[in-house]
1. Being under 24 Å from PHE667 (Cα atoms) and modelled with pLDDT of 95 or more is the requirement here; does PRO445 meet it?
2. What helices (runs of 4 or more DSSP H), lying completely within region 558-655, carry at least 3 residues that are touching a helix residue (DSSP H, G or I) at 6+ places or on another chain (Cβ under 6 Å) and within 23 Å of PHE540 (Cα to Cα)?
3. Please verify whether region 594-607 includes one or more residues that are open to solvent by 10 Å² or more (accessible area, probe 1.4 Å), at pLDDT below 95 and among the aromatic types (Phe, Trp, Tyr).
4. Identify, by number, the condition in (1) open to solvent by 10 Å² or more (accessible area, probe 1.4 Å); (2) in contact with a Phe, Trp or Tyr (Cβ under 7 Å, 6 or more places away or on another chain); (3) among the aromatic types (Phe, Trp, Tyr) that TYR643 doesn't meet.
5. Going by the conditions given, is ASP512 of a type in the set (Asp, Glu), in a loop (DSSP other than H, G, I, E, B) and farther than 20 Å from TYR443 by Cα?
6. Of the residues that sit in region 1-32 and are out of contact with any Lys or Arg (no Cβ under 7 Å at 6 or more places or on another chain), among the charged types (D, E, K, R) and at pLDDT 75 or above, which one is nearest to TYR598 (Cα to Cα)?
7. Can you tell me which residues in region 33-43 are at pLDDT below 80 and touching a strand residue (DSSP E or B) at 6+ places or on another chain (Cβ under 8 Å)?
8. Does SER732 meet the test of being buried (at least 21 other Cβ atoms within 10 Å of the Cβ) and in contact (Cβ under 8 Å) with a residue 60 or more places away in the chain?
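The values are calculated or read from the model by the stated rules, or taken from the named source; none is laboratory data. Only a predicted model underlies this, so the values are computations on that prediction, with no experimental measurement involved. Don't worry about glycine lacking a Cβ; one is built from the backbone with ideal geometry, like all the others, and counts go over all protein chains shown. All accessible areas refer to the heavy atoms of the entire protein, side chains included, with ligands and DNA or RNA removed. Shrake-Rupley method; radii C 1.70, N 1.55, O 1.52, S 1.80 Å.
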Amino acid sequence: MIPAGSIPIKDYAIETPLKKSSSSEGDTFHEVRIGFKPSDEISAINFVLKDEETGAWYQHKGRDFKVPLVNYLKEDANLLGPKTGLSSSQAWNSEHFVFSILKSSLVKAIRDIGQISNVILKSESTVDKVQENSSESESPKKENSQVEGFNVELSLTKEVTVNNSISVSVRKCSETAKYLLDLETDIPGDVFLHWGASRDDLRIWEAPPAPHPPQTVSFKKTALRTQLKSRGSGEGSSVQVSLGEEFSGFLFVLKINQNTWLNNNGNDFYVPLPTPGSIIIGNIEDQSKVVKSEVTEETSEEESNSAFTNEIINEIRSLVTGISSVKRRKTKSKEAQETILQEIERLAAEAYSIFRTSVPTFSEEVIVESEVALESESPELPPKICSGTGTGYEIVCQGFNWESNKSGRWYMELKEKAEELSSLGFTVIWLPPPTDSVSPEGYMPRDLYNLNSRYGNIEELKDVVKTFHKFGIKVLGDAVLNHRCAQHQNQNGIWNIFGGRLNWDDRAVVADDPHFQGRGNKSSGDNFHAAPNIDHSQDFVRKDIKEWLCWLRDEIGYDGWRLDFVRGFWGGYVKDYMDATKPYFSVGEYWDSLSYTYGEMDHNQDAHRQRIVDWISAAGGSAGAFDVTTKGILHSALERCEYWRLSDQQGKPPGVLGWWPSRAVTFIENHDTGSTQGHWRFPRDKEMQGYAYTLTHPGTPSVFFDHIFSHYKKEIAALLSIRKRNGINCRSKVKIHKSERDVYAAIIDEKVAMKIGPGHFEPPSGSQNWSTAWEGRDYKIWEDAS
């Protein structure tokens, strides 16, 4: 019954190409005919469709299509076909199923915006005549009878990449003191702008007061609709709107016909309004549109004459690291914009002895990381310290595992290893949660000011921090801010009344946590259901948390933070906490699932890393984030010998370090994924390939305690030494030379070459004189010896 041209996929599926045909009406469709006999004992056919051109998969309600051949499957919720069958006394000589994809003529009207195809499932049956005296009683098992013929038509949406663009420029009118926003697009046909404004980062829609463009219609005082006017050239359309200074952002979506809306990956487009001296906000791009958002400020002739020369502009651009050229949404608050501007201005002044009060707008179609990477060959310039990066040369040691609490004296045990960790090259150590906790590991905190934990008491904690400082290592405290365990019950018996110095009531608990009856506002993130989720929108909560973090910094000596489960609350609150505590270095744990299809990891993980980058951006870049995307991709690449996964479609690393390297904290294992928990353990015996990648690449690498003090110690020490003596840092440049089935190879900063995988690679001969620095099982590192 297997059609010609089919290819078996493992032992459970078959891949069959559909044949192209034409109907008498001229429609083009694709079909496959599957023939079988009742004696084959097949009860159903399951299938999915794949568009080989785009790689898109089509399913039914998120599951396989299922075509029943006997009617006992009729209760299946994903069933295609009739709900009743025929009596088994009816004889079936043969049966064929035809699967067709029919391109509708309506698609042509949609043009570049998208394509819709219809799937027609037909059951064509040849049935012998049934004797008139047959009856249902003659069928001993009606539930196994054959189904009657049927036709089912389903709509599938196909997304295609197009080159239409939308640009928004913002300028300040000196006469009216209002912002003038010019929106232009090359999308053909009638385009309607649905727009509004917001007063803060919550982005709540509000219809701004008049004046409005002609033929503008108001919707319930929250939004306006304006049709764009055709441009004189006849190509595309545009509109100008004005907003008062009381607004902080411009919100909009576009509608191009009765059924087609354009938005930003399901969200509204958002353009922050500028403050004096603002720079480019960024680009917004996804599979169906490009929005370029530029911010400019009207300046006097005297100010324009003092602008940078083109040569200096190009020099500054060469120092700016790109986050991503695709699928990147930048949403910076006014404060974040000012911080970014000041940072670029200060570093540019140091590098070129030139300082100006404004920076020209970059027009490149890339998203730029808002910081300047200093060349390691400039020792006269002191390293810039930022809470999201430290100096940029940090190497983190996770100083515990899941079992470390069991001895009751972990602080004292760790203290004995401080000198050795320093000699290995670690600059930062991450300590476990220090507070009183319902769980011995510390991740269910209760009394935040009680620092007597299963790892040791408060005096031992101070002692171990002091010791690490003695050997030049900064110390991160593990701060669990998303949730907190209550010490008392309310009148309904719910544990949501807190004790200790921070004796909050149920107003500190989010209202949409279904288990703890909070009276706060709705959560700004995802709920952690094991404990009451804290409402960070409450002023008293944020005030108390900032005081507590400052107390930890001053009393214990912490230099920075590792932030637990930051997916549970808005990144803007993190920025507030970082601004208050001014950490040397901080990193958040933003953890969610990568994208999979039929149990196999998708090659494109842009959506996953975008969520992490969005959180970093919401935090104003004040904290880095663990690069979960890179860990997951390394898993599949090494486990399945699919090293091609380590390059994205733009030839860059496919994780966060490919988009925002200075804020990516790379790792291969931690107390959750490894240790005795083993929730997502790195492929066995391939750990050193993982470290050969993270310790030679940009980003800030973190090394797991269990690996340091194991048989891997010598190899890890060698890789750490290579990283340090070549000055590899969080902003280093990586050029991928190979990403094939059995080998991945790259050159970093033109100083270090590396390869992982069993395949062959030798660094190209040229100006460098490559010599082997270290090699191990399926990995090798070279250094430029010239």
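1. For PRO445, the condition - under 24 Å from PHE667 (Cα atoms) and modelled with pLDDT of 95 or more - is not met.
2. Details: elements: 571-581, 606-618, 628-639.
Answer list for region 558-655: 571-581.
3. yes
4. Answer for TYR643: the failing condition is (1).
5. On the way: of a type in the set (Asp, Glu): yes; in a loop (DSSP other than H, G, I, E, B): yes; farther than 20 Å from TYR443 by Cα: yes.
The answer is yes for ASP512.
6. The qualifying residue nearest to TYR598 (Cα to Cα) is GLU15.
7. GLY35, PHE36, LYS37, PRO38, ILE42, SER43
8. For SER732, the condition - buried (at least 21 other Cβ atoms within 10 Å of the Cβ) and in contact (Cβ under 8 Å) with a residue 60 or more places away in the chain - is met.
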